[in-house]
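Enquirer: My questions will all concern the structure given below.
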Amino acid sequence: MIDQPISCLHDYTLSVKDMKTLERADLIILSGAGLEETMEDALDTVSDTPQIDCAQGIALLESSHDHDHGHDHDDHEDADHDEPSDHDHESDPHIWLDPNRVEQMLDNLAAGLRRFDPTHAALYETNCRLAQEQLKTAYPQMQAALQNLACRDLITFHDGFTYFAEAFDLDILRAIEEEAGSEASAKDVMEIVEEIDHHQIPAIFTEVNGSDATAQMIHRECGVTVRPLTLMMGATDGTPGIALYLDLLWSDVNTLREAYA
């Protein structure tokens, strides 16, 4: 429904146009996993409209965000015993960054469509299987593309890449959730620079629609490359179906491969 570039749905305010779109809908399809929590009030106003939750039954991972910029991830095992903050155990809703979970999302979507429109059940099932076959073909190719990276540790400036990291056997050292006006301090920047040096990290990764202020500060400090990854949020280029998803996922794979060659 949101047809504009955006990094974080938590900061998005529904427009009058959005509300009218919801009111006209015959069926509402949710990515799920808590992603639409900021829309709960709006969805309550159309509670009689059938909904499909594409995240139903999918195993969720904890969010890996670092809001204070000073968390020492080398000591994460000890940190597990600290008093948790309100955000320590939030689930990461960005499940589509893992193509394996996307297969499950497609099953949920097809099942929901068959219930809503049983006349075309066979078509939904066929389209689901065709999309899943493309995922099954592409995923090992992507794994192979990332097999021989010089480094498998990531520092990201968005907390949404947990599933991507798991799918491709990567380790997120820091996931810094940066908002405009809350850039890291000089001390924080130096700590991140030291971590980059310690792990010999050749690049750090921002989100294409997010803030890169701190990342650029770190670049100026130590020369590390800054590369953008996409969370596939917002506007699209009109490419239909699973092809767009695979194009965007390949763009992240290729960005990482080129940065860590």
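The values are calculated or read from the model by the stated rules, or taken from the named source; none is laboratory data. Predicted model, so just to flag it, every value in this text is computed and none were measured. Here Cβ is always computed from backbone atoms with ideal geometry, including for glycine, and neighbour counts include all displayed protein chains. These accessible areas exclude ligands, DNA and RNA; they are computed on the full protein's heavy atoms, side chains included. Shrake-Rupley method; radii C 1.70, N 1.55, O 1.52, S 1.80 Å.
Enquirer: I want to confirm something. Restricting to the stretch 109-127 and keeping residues that are under 17 Å from residue 30 (Cβ atoms) and either open to solvent by less than 30 Å² (accessible area, probe 1.4 Å) or hydrophobic (A, V, I, L, M, F, W, C) (or both), which single residue is nearest to the chain's Cα centre (by Cα)?
Expert: 109
Enquirer: Looking at the structure I just gave you, is residue 135 closer than 30 Å to residue 204 by Cβ, in contact with a Leu (Cβ under 7 Å, 6 or more places away or on another chain) and aliphatic (A, V, I, L, M)?
Expert: The answer is no for residue 135.
Enquirer: What tally of residues in the stretch 37-68 results from selecting those that are at pLDDT 80 or above, not β-branched (Val, Ile, Thr) and not in a helix (DSSP H, G or I)?
Expert: Number satisfying all stated conditions: 13.
Enquirer: Answer yes if at least one residue in the stretch 184-205 is closer than 30 Å to residue 130 by Cβ, open to solvent by less than 20 Å² (accessible area, probe 1.4 Å) and within 18 Å of the chain's Cα centre (by Cα), and no otherwise. Break it down into steps so the answer makes sense when it comes.
Expert: We begin by selecting, within the stretch 184-205, every residue closer than 30 Å to residue 130 by Cβ; these are none.
Looking through the stretch 184-205, none of the residues is closer than 30 Å to residue 130 by Cβ, open to solvent by less than 20 Å² (accessible area, probe 1.4 Å) and within 18 Å of the chain's Cα centre (by Cα).
Enquirer: Going by the conditions given, is residue 103 surrounded by fewer than 19 Cβ atoms within 10 Å (Cβ to Cβ) and more than 14 Å from the chain's Cα centre (by Cα)?
Expert: The answer is yes for residue 103.
Enquirer: Test each condition in (1) under 16 Å from residue 102 (Cα atoms); (2) assigned to a loop (DSSP other than H, G, I, E, B) for residue 148 and report the one that comes out false.
Expert: (1)
Enquirer: Right, something else. Conditions: (1) over 19 Å from residue 167 (Cβ atoms); (2) at pLDDT 50 or above. Residue 71 meets all but one. Number of the miss?
Expert: For residue 71, the failing item is (2).
Enquirer: If the requirement is being surrounded by fewer than 16 Cβ atoms within 10 Å (Cβ to Cβ) and either closer than 25 Å to residue 166 by Cβ or under 21 Å from the mean Cα position of the chain (by Cα) (or both), which of these qualifies: 254, 209?
Expert: It is 254.
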